[in-house]
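As structure tokens, the structure follows; a few thoughts come after it.
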Amino acid sequence: MSRTLPRHLAIAVVAGVILWFLSGALGQFNDLQLATMAYLFCGVAGLTVLTGLNGQISLGHGALMAVGAYTTAKVLGDSGTGPPLAVALALGTLAGALAGVLAGAAAARLRGPYLAGATLTLAVGLPALSQRFPHFLGADNGLSVAPSPPPLWLGETFPLERWQACIACLGALIVYLVLANLTRSRIGRSLRAVRDDEVAARLAGINVARTQVLAFVVSSACAGLAGGLLIVVTGVAAPGAFTLVLSVQLLTGAILGGLGSLFGAAMGAALIVLIPQWADDLSRGLNLSGGVQANLALAVYGLVLILLMPLAPQGLMGAVGRVTGFWKERSRGDEPRAESGEELRKEESVR
Amino acid sequence: MRYLPILGTVLALAVAACGSSGGGGSGSGSGSTGGKPTASAPGITATSVTVGGHFPLTGPAAPGYSEIPRAIQAYFQYVNDHGGIHGRKLKMIVRDDGYNPVNTVKVTKQLVLQDKIFAMLGGLGTPTHTKVVDYLNSSRVPDIFVSSGCLCWDDPQKHPYTFGWQPDYLVEGKVLGQYIAQHFKGKKVAYFLQSDDFGADGAKGLDMEIPKSQVVSRQTYDPTNVNIGPQMQKIQQSGAEVIASFSIPAFTALEILTDLKLNYKPQLVVSSVGSDPTTLGGLLKAFSKGKAPASLADGMITDGYLPSLGDTANPWTSLFKGIHDKYIAKLPWDGNVGYGLAMAYTFVDALAKAGTNPTRQSIVKTIESSNLRGPGLTPFRYSKDSHAGFTGVQIGVVKNGAVELQGQPMTTDDQSGAIQPFTGAAVSPPANGVPKA
């Protein structure tokens, strides 16, 4: 811990400074995209720890985001005049964590496809709860939250979208800091031990069930924060926003980036925002008729995902690791790789 | 990789789930008349006007609704081929929100910030558009003719830039309710409602006209759950002879098929939102894998606010059919296309009347003050104090895949006001089909 905390803190600060200037350089719409990536990063990062490091799969993270989003929206109130944003976001995170305790308690008893199935139920069932309490949760119409304007000390012309991007990026950096330290700590080692071999982990004195629940709770808290930040960025909590597609999107982000890697999660979150955008721009550029154009974007998105599976089976971080590893091997000869050794062991064990 | 097969399945699911199931200076003051066309507002140049809209082009709401923006584009193309408006070519940028409110927020900001549209035209859906109406108004972007019958668009104090389009669901409910009360006296009536404002507003209107004692069952459905068996069974057990439905087309089709399965033959009375015969016919075929004929929808009572698509003697219908056949012949000739064409005509009419150099303010003022009167069976309610769309509807019966209008159009307000027949004359389109200033 003594050396890792300052290191992660330094990375977070540098990333924060870069993001601050980036958000200023980008236009308003691109700031919105940046904010979207940031809140998706929170969800993807939580999932990548759960699936990549602890070996538990979740198809229900979209629903956990809904828990965070609805909680934050309820705390803020319609006009956004409730308690300060930070309090609302903290409560959203807490609500996500609580939902994670429940989901995790069930998850610790389930394996593989059964776990996938159980969490799938969550993704399908939970957003439908809003239909049961139409007056409290707004049914299909959901809840709207007026955006909180940037504070005046930033200047009167500070764009709202940049402010939203700043909040979302701050949330993402906090998630990074917490998860990066956690995964390098004793807890992180326990998570990996449980993933690799439950029996061996138990023999080593690790409480397997408790570790699995803990992983779920941490992951759900991240999803809860992601949902809260979604409220900050879009002002929308409605069932239509938390469909199964969102859950699958988060998993796609985690896999695209490379399971288990936080930098991978950042890349994955960026890609799930950018690929559909690029695909849409591309299909618009081709001047096709309306129906074909809308669907071509989805087809291109799907195609990119399919192509990435054989080309980068370990996700982008895996591909980067392979390329740099190959380059290092060539420059160093056959020396064992100190840094990427862990990466390699992980790959083998997951197989 | 223990989970590789699962992950593979999931990715395949992702692609499948995303897959579709269906086929442009700030404006203040009023626009000047006369003079040369200039770049008078954001989205308007000397040679072009760019508007935008969010529509579900993919996903479950896409079948049917995705035709609306293409019909608008087709009418714009028709106008451009006739020289444009004040020499400007019209352009409509359509962005897909998949009926997901989060995407609606994203694409709306994209339209305003990146595409720099002059106005939003026909943004579709209540759960979607309610999330951007504040943004559009605070950005002073005209939000013209929202494609939804929610009462919420009519709030000129809070949302001075937003205008509704279709008659709101309360008005539809009142007129349908009156018809039921008059033609099915004493018969048991059940409601089948979508579990949101659409259903609730519709039911409110029905309740104003149908005696309470006649209503024996009120069932709602959640548009994400296609199993409506339990609701229809309860309605059947209640002994209802008439079902009043505020449902989207997919659920009207499911209603018909479920009734068929239960061997239950009530008289269906369906709001115009969920009764387009062409759309229903397609859905019936799709849901039953080709077994159920489109004729199952025959006999259904509904309402309309635009000329019947089957009435080719109507000058509007023949104008629109000509445009359909020339520009979008591949799309079915259905209510969605008629809806888009009528909306596009009305927008172009307002744009032409807003002067040579329209501004965002002047288009709003034009819609409020110039008594627009397009293809609708009844006039609009637009004024300084009201931004609601059509004032009323006309009852119709589905026959041979088309709605046959009955009696005369009825108008009413969205309060407890009386329902009155509209006796004003219908107007004809200009000879070349393009509105003049």
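Values quoted throughout were computed directly from the atomic coordinates according to the rules given, and no laboratory measurement underlies them. If you're wondering where the values come from, they're calculated on a predicted model, not measured in any experiment. Cβ atoms come from the backbone with ideal geometry, glycine included; neighbour counts cover every protein chain shown.
Summed over qualifying helices (DSSP H, 4 residues or more, each -39500 (n - 2.57)) and divided by its residue number, chain B shows a 222 nm mean residue ellipticity of -11000 deg cm²/dmol. Taking 0.36 nm per residue of separation and subtracting the current Cα-Cα distance, fully stretching the chain between B:LYS330 and B:SER428 would add 32.6 nm.
Hey, got the dipole for chain B? About the Cα centre, +1 on K and R Cβ, -1 on D and E Cβ, debye to the nearest 20? Could you put the intermediate results ahead of the total?
Working: 37 positive and 32 negative charges, 157 e Å.
It comes to approximately 760 debye.
Roughly how crowded by other chains is peptide A:294-307, in terms of the mean Cβ count from those chains within 10 Å of each of its Cβ atoms? Please report the intermediate quantities before stating the final value.
Values: counts 14, 10, 0, 4, 10, 4, 0, 3, 7, 1, 0, 4, 3, 0.
Mean partner-chain Cβ count within 10 Å for A:294-307: 4.
Among A:VAL245, A:VAL217, A:VAL101, the residue with the largest mean-square fluctuation in a Gaussian network model of chain A, with springs joining Cα atoms closer than 10 Å, is A:VAL245.
Cβ crowding within 10 Å ranks B:SER40, A:SER23, B:SER295 as B:SER295, A:SER23, B:SER40, fewest other Cβ atoms first.
I want the local charge near B:GLY374. Using Cβ-Cβ distances under 15 Å, sum +1 for each Lys or Arg and -1 for each Asp or Glu among the other residues. Charge balance in the 15 Å sphere: +3. All alpha carbon pair distances within the stretch B:170-304 were sorted into 5 Å bins beginning at 0; the resulting P(r) in whole percents reads 2, 11, 24, 25, 22, 12, 4, 1. Between A:TRP20 and A:ALA299, the FRET efficiency estimated from the beta carbon spacing at R0 = 30 angstrom works out to 0.20.
What fraction, in whole percent, of alpha-carbon pairs in the stretch A:4-243 exceed 30 Å separation?
28
With K and R counted +1 and D and E -1, the other residues having a Cβ less than 13 Å from that of B:VAL434 yield a net charge of +2.
In whole Å, what is the distance between the alpha-carbon centres of the stretch B:32-74 and the stretch B:91-136? A separation of 12 Å, based on Cα centres.
Residue exposure proxy: B:MET92, A:MET65, ordered by other Cβ atoms within 10 angstrom of their Cβ from fewest to most, comes out as B:MET92, A:MET65. Structure note, pairs A:LYS74/B:LYS234; A:LYS74/B:LYS158; B:LYS131/B:LYS353: Cα-Cα distances above 27 angstrom occur for A:LYS74/B:LYS234; B:LYS131/B:LYS353. For the protein assembly as shown, a/c is not less than 1.5, where a ≥ b ≥ c are the root eigenvalues of the C-alpha gyration tensor, and a/b tops b/c. That puts it in the prolate class. Assuming a ≥ b ≥ c are the square roots of the Cα gyration tensor eigenvalues, decide whether the stretch A:161-296 counts as rounded (a/c under 1.5), prolate (otherwise, with a/b larger than b/c) or oblate. Because a/c hits 1.5 or more and a/b exceeds b/c, the stretch A:161-296 counts as prolate.
Given a Förster distance of 60 Å, report the FRET efficiency between A:VAL13 and B:LYS36 from their Cβ-Cβ distance, rounded to the nearest 0.05. About 0.60, to the nearest 0.05. Applying 0.36 nm per residue to the separation of B:LYS261 and B:SER295 and subtracting their alpha-carbon distance, the gain on full extension is 10.6 nm. Go ahead and set up a Gaussian network model of chain A, Cα springs under 10 Å, then flag whichever of A:SER261, A:SER148, A:SER58 fluctuates most. Evaluated over chain A, the most mobile residue of the options is A:SER148. The alpha-carbon of B:LYS330 sits under 15 angstrom from the alpha-carbons of these aspartates and glutamates, leaving out residues fewer than 8 places away in its chain: B:GLU67. When each full DSSP H helix of chain A is screened for a Cα extent of at least 18 Å along its own axis and an average Kyte-Doolittle hydropathy of at least 0.5, the helices passing are A:4-25, A:28-48, A:61-76, A:85-107, A:112-125, A:160-183, A:208-234, A:244-257, A:262-285, A:290-311. Considering only beta bridges that DSSP places wholly inside the protein assembly as shown, some 40 percent are antiparallel. For a 30 Å ceiling on Cα separation, which of these pairs sit above it: B:LYS91/B:LYS174; B:LYS106/B:LYS365; B:LYS91/B:LYS321; B:LYS265/B:LYS291; B:LYS212/B:LYS265? Long pairs (Cα-Cα over 30 Å): B:LYS91/B:LYS174.
One quarter of the surface of the convex hull around the alpha-carbon atoms of the stretch B:70-134 equals 4.8 nm², the direction-averaged projected area. Cβ-to-Cβ counts within 10 Å put A:THR36, B:THR47 in ascending order as B:THR47, A:THR36, the fewest first. Between B:LYS212 and B:ALA286, the FRET efficiency from the beta-carbon distance, with R0 = 22 Å, is close to 0.05. A simple spin-label model places the labels of A:SER185 and A:VAL87 2.7 nm from each other, with each point 7 Å out along Cα-to-Cβ.
Based on alpha-carbon atoms, the Kirkwood radius and the radius of gyration of chain B give Rg/Rh equal to 0.98.
When the Cα gyration tensor is reduced to axis lengths a ≥ b ≥ c, the ratio a/c is 1.5 or higher for the stretch B:177-239, and with a/b not above b/c it is classed as oblate. For the pair B:LYS185 and B:ALA437 in one chain, pulling the backbone fully straight at 0.36 nm per residue adds 85.8 nm over the alpha carbon distance.
A:TYR176 sits among other residues whose Cβ lies under 13 Å from its own Cβ, and their net charge, with Lys and Arg +1 and Asp and Glu -1, is +2.
In this label model, A:PHE133 and A:ARG111 are separated by 3.7 nm, measuring between points 7 Å along each Cα→Cβ vector. Taking 7 Å steps out from each Cα toward its Cβ at B:GLN420 and B:LYS399 produces label points 3.0 nm apart. Averaging Cα coordinates gives a centre for the stretch A:83-103 and one for the stretch A:165-189; these two points are 16 Å apart.
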